[in-house]
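Notes follow the structure.
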Amino acid sequence: MDAMQVKLKNITGIASPKVEQFDLHEEFGVAYLLEAGEKVTLSLNHLACRSWLKQEHPHIKRIKWFDFNTVILYYDEYGGAIVSAESWNKIRLGAIDKLFVSNSYIFASYDEESFFRSWASELESNILSVFARDGRLELGLRELLDKDRDSDEL
């Protein structure tokens, strides 16, 4: 009988009451936040990378691989951080719906509700914002879609 090989591409949950946020990447592996009491630890491929007190960053909502030893933590309505063992660099992303990372850019999309309630100066007024990998805004798609802002279909 031939041995069966399985290639895992998607995990919807981790059976641990201490792991709430995780990301699985085909090349980089698994990144997750492990909570133990008041301490939170960032683990990359089951190796502790960095720890902090939960009260320092209490509202982390998402984790996303950035490169082999770095992740993006999205931790409140407007901000996030590019985090590794050596650094914690804050970035402003807006109230994102989805976050995508490429070798050159960070892409943040915003839901319809955020788009319609935002002012023209806010990141959410873009359906999609494109950031450089250091977190600087490069391009927002507001101008392309602004004429359709009041239409029934966006």
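Restricted to the range 20-78, the set of strands (runs of 3 or more DSSP E) holding at least 1 residues that are closer than 20 Å to Gly135 by Cα comprises 62-67, 70-74. Scanning the range 76-102 for residues that are at pLDDT below 90 and out of contact with any strand residue (DSSP E or B) (no Cβ under 7 Å at 6 or more places or on another chain) turns up Asp76, Glu77, Ala95. Hey, any hits in the range 107-117 for a residue that's buried (at least 17 other Cβ atoms within 10 Å of the Cβ), at pLDDT below 75, over 14 Å from His57 (Cβ atoms) and hydroxyl-bearing (Ser, Thr, Tyr)? Scanning the range 107-117, I find at least one residue that is buried (at least 17 other Cβ atoms within 10 Å of the Cβ), at pLDDT below 75, over 14 Å from His57 (Cβ atoms) and hydroxyl-bearing (Ser, Thr, Tyr), so the answer is yes.
Considering only residues in the range 84-105 that are of a type in the set (S, T, N, Q) and without any contact (Cβ under 8 Å) to a residue 24 or more places away in the chain, the one that is nearest to Arg50 (Cα to Cα) turns out to be Ser87.
The values are calculated or read from the model by the stated rules, or taken from the named source; none is laboratory data. Every value quoted in this text rests on a predicted model; they were computed, and no experiment measured them. Positions of Cβ are backbone-derived with ideal geometry, glycine not excepted, and every protein chain shown enters the neighbour counts.
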